[in-house]
Amino acid sequence: MNPAPIGIFDSGVGGLSVAREIRRRLPGEDLLYFADHAFCPYGGRPLEVIRGRSVAVVGELIDRGAKAVVVACNTASGAALETLREEYSVPIVGLEPAVKPAAANSRVGRIGVLATAATLQTARFHRLVQTYGQNVEIFQRASPELVELVEAGEISGESVERLLDRTLAPLREAGIDKLVLGCTHYPFLRDAIQDVMGAEVEVLDSGEAVARQVERVLAGMDALAINDGPGDIRLLTTGDREQVEAIVRRLWTGPIEVQSVDQLRRWGGEPSGSSTT
Ligand code: DGL
């Protein structure tokens, strides 16, 4: 057994949707979550910047004692998973949009994928489509605004519905029966997305499958924490601590400690605000 924390990483608060599944499956584990708010959103950035940030952030989680790292971000997984696995020896669990189950179970042969622009342009995503998407038509849609909504803690209400209505219209019109949420921010909008798509469309994400994979990996290394009580969760951010804490409190149920990390603010490119991408 190993009581060290599981590291979890995303550009912002979206990966908390994955952390929530890990917490549900492995309640005794301590979680160390890194939100790279200084560079959030990742979705419109060049892949090499996302790769540089991912290497820096995962290095930081490992330096702080993570026994394994979950890249709880489709964009960072798409851009950097291979590099991270070459660079570091701790197990790294990545995410990919749930194209495989969606394609396998579609009755009408048409599925939708909602993801960031960066994810849709990665070689990893193209391979996924090549491998599992041959027998279905795949309708892709990118929307940076949805990430911004979740980062503002807005997950329901009229403006959310209006934006979703606009964003999802082409997918609704395409007559899909499965919608893949290919960004970890989107599960926070799941109820509103389901309302807009209608009950006949199944909405899928990868959170639960990733939590199962984390359990398998840790069990295989004999590194699960054998704790009875609930584990801790600590969130580190390269953004403004108070601002981030206010949003996190809306999205996470239960105690969570929020701290800021300054030394990674500028590594690998220009932070948000001064970026032109
Ligand atoms: N949550 C992320 C993902 O799964 C990234 C969103 C962003 O920073 O653009 O893709």
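Based on the mean of other Cβ atoms within 10 Å per residue, sort peptides 101-108, 25-32 so the most packed one is first. Mind dumping the intermediate values first?
Details: 101-108: 15.8, 25-32: 18.9.
Averaged packing, sorted descending, gives the order 25-32, 101-108.
Would the range 1-82 count as rounded, prolate or oblate if I go by the C-alpha gyration tensor, calling it rounded below 1.5 in a/c and otherwise prolate when a/b exceeds b/c, oblate otherwise?
Prolate is the answer for the range 1-82, as a/c is 1.5 or above and a/b outweighs b/c.
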At 25 °C and a viscosity of 0.890 mPa s, what translational diffusion coefficient does Stokes-Einstein give for the range 66-119, taking Rh as the Kirkwood radius over Cα pairs? Give it in µm²/s as a whole number.
192
Which order do the peptides 247-257, 38-48 come out in when sorted by mean C-beta neighbours inside 10 angstrom, highest first?
38-48, 247-257
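In units of 2.2 N^0.38 Å, what is the alpha-carbon radius of gyration of the range 131-211?
So the Cα radius of gyration is 1.09 times the expected 2.2 N^0.38 Å.
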In nm, spacing of pseudo-spin labels at Ser89 and Ala199 (7 Å Cα→C-beta vector)
5.5
Explain nothing, just compute: Karplus ³J(HN,Hα) = 6.51 cos²θ - 1.76 cosθ + 1.60, θ = phi - 60°, for every residue of the range 130-141 in order, whole Hz, x for Gly and Pro.
4, 6, 10, x, 5, 9, 10, 8, 10, 9, 9, 8
Just subtract the alpha-carbon distance of Arg212 and Ala117 from 0.36 nm times their residue separation and send over the number in nm, one decimal.
31.5 nm
Sort all Cα-Cα distances of the chain into consecutive 5 angstrom bins from zero, then give the percent of pairs in each bin up to the one containing the longest distance.
1, 6, 13, 18, 19, 17, 13, 8, 4, 1, 0
Checking a compactness column here: for the range 45-184, what do you get for Rg(Cα) / (2.2 N^0.38 Å), N being the number of residues?
1.14
Tell me whether the range 102-153 comes out rounded, prolate or oblate; compute the Cα gyration tensor, take square roots of the eigenvalues as a ≥ b ≥ c, and use a/c under 1.5 as the rounded threshold.
oblate
Dipole of the chain, Cα-centred, from +1 at each Lys and Arg C-beta and -1 at each Asp and Glu C-beta, to the nearest 20 debye?
560
Based on the alpha-carbon gyration tensor of the range 1-44, what equivalent-ellipsoid semi-axes (square roots of 5 times the eigenvalues) come out, in whole Å, largest first?
23, 11, 6
With the dipole of the chain worked out from charges on the C-beta (+1 for Lys and Arg, -1 for Asp and Glu) around the Cα centre, which of Leu61, Leu128, Gly231 lies farthest toward the positive end?
Leu128
Once amide H atoms are built 1.01 Å from N in the peptide plane, which residues 5 or more positions from Cys73, or in another chain, come under 5 Å H to H?
Leu95
So what is Rg over Rh here for the range 37-78, counting just Cα atoms and using Kirkwood for Rh?
0.97
Positive end of the charge dipole of the chain (Lys, Arg +1 and Asp, Glu -1 on Cβ, about the Cα centre): tell me which of Gly153, Ile256, Ala76 has its Cα farthest that way.
Ala76
Just how many % of Cα pairs in the range 165-265 lie over 16 Å apart, if you round to the nearest whole percent?
72
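Read the figures in this text as sums done on the coordinates, not as results from a lab. All values derive from a computational prediction rather than experimental measurement. In this analysis, Cβ positions are derived from the backbone assuming ideal geometry, glycine residues included, and neighbour counts consider all displayed protein chains.
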